[in-house]
Amino acid sequence: MQDNPLIKIALPIAIAVIMCGIGLTLRGSDFRRIGENPKPVLIGVLGHYLLLPSLGFAMAWLFPMSPEFAVGLVLVAACPSGSTSNALTFLARGNVALAVTLTVISALITFVSVPLLVNLALQFFAGETREIRLPVGQTILHLAVLVLIPVLLGMGIRRYASGFAVRVEPWVSKFALGFLLLLIVAISVAERERLPEWLSQLGPAALTLCCSAIGLGYLLGRISGLALRDSITVGMEVGVQNSTLAIVIALSLLQSPQIAMPGAVYGLLMYLPALAMVVLGRRAVAREEARASVSDIPGS
């Protein structure tokens with residue numbers, strides 16, 4: 001799975017292009033507003049590193065599976081948000097600046113969360129512990145290339161070539177959704193021989209985990225009093241995980257293809273509830289904007 005060129009080459013390129021397009025929609029003032037109102041960031045971090053790991057352990061315990069698969073499911077929950085969460089947040093009309101901020105923070109916390117949670121899962125499910133050290137330089141480079149540099153490039157284009165940015169911006173949403181759907185189909189076709197076995201063994205647990213993570217992440221935001229767009233963002237950031245990193249850690253550090261399988265299955269299935277959130281989020285934001293426009297009419 002880790003040698004699949006669709007995952008090693010096509011997906012990173014697609015993410016980088018989409019992130020550059022998303023940068024076209026951002027201004028420095030978007031991030032300054034987040035600094036002035038840190039509550040959504042705190043809620044997002046709590047959701048990602050308290051709610052999600054709890055769900056990971058719960059799904060690994062509730063669904064019948066091998067100890068290796070159970071550890072792999074927790075590993076997925078311990079990884080940072082996937083770069084595609086930013087693109088999906090954009091499509092769902094969430095707060096993209098908040099999404100990028102949470103992606104960066106979750107990536108930094110990964111150096112603590114992965115060794116801690118995976119060692120706990122190894123001890124609980126497999127009765128053993130192992131020393132895990134993440135390649136810090138490689139992870140930082142991965143984050144910079146896929147997220148920070150493309151976003152900054154897009155923001156620079158918006159600032160210094162605003163006319164071009166305005167013309168291109170309407171097409172970003174259509175390109176992002178179309179390319180992601182095409183890539184998911186392509187990966188499924190490329191792995192068609194192993195996909196049925198993986199889905200039968202891990203599909204129910206992985207799908208339940210990602211549905212619960214996105215749904216409960218959104219509810220956590222609403223219960224905490226966050227705005228609609230911020231709540232949509234928290235749901236995406238909690239549920240859309242960096243499954244590719246989970247696969248790499250399982251194969252390189254734990255040297256276990258079985259522990260890598262949940263990351264592969266989750267990486268495919270998480271787009272189902274994520275795309276559902278895109279549809280529902282766009283409708284909810286449209287309704288909210290419609291109510292706001294009606295209330296602004298004199299005499300309404």
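The values are calculated or read from the model by the stated rules, or taken from the named source; none is laboratory data. In this text the structure is predicted, and so the values were computed from the model without any measurement. Cβ coordinates were reconstructed from backbone atoms using ideal geometry, including for glycine residues, and neighbour counts include every protein chain displayed.
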Helices (runs of 4 or more DSSP H) (entirely within segment 44-103) containing at least 2 residues that are surrounded by fewer than 23 Cβ atoms within 10 Å (Cβ to Cβ) and in contact (Cβ under 8 Å) with a residue 24 or more places away in the chain: 52-62, 67-78
Search result, residues across segment 15-43 that are under 30 Å from Thr208 (Cβ atoms), crowded, with 20+ Cβ neighbours inside 10 Å and at pLDDT 70 or above: Ile18, Met19, Ile22, Pro40, Ile43
Residue ranges of helices (runs of 4 or more DSSP H) in segment 193-296 with at least 2 members surrounded by fewer than 24 Cβ atoms within 10 Å (Cβ to Cβ) and small (Gly, Ala, Ser): 195-223, 271-295
Answer residue from segment 107-118, given it is over 12 Å from Ser81 (Cβ atoms) and in contact with a Leu (Cβ under 8 Å, 6 or more places away or on another chain) and is surrounded by the most Cβ atoms within 10 Å (Cβ to Cβ) among those: Val118
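Given the residues Ala126, Ala165, Ala121, which is the only one that is at pLDDT below 75, surrounded by 14 or more Cβ atoms within 10 Å (Cβ to Cβ) and not charged (D, E, K, R)?
When all the criteria are applied, what remains is Ala126.
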Filter result for Leu183 (in a helix (DSSP H, G or I) and at pLDDT 65 or above): no
Which numbered condition Leu143 misses (of (1) at pLDDT 80 or above; (2) under 30 Å from Arg32 (Cβ atoms)): (1)
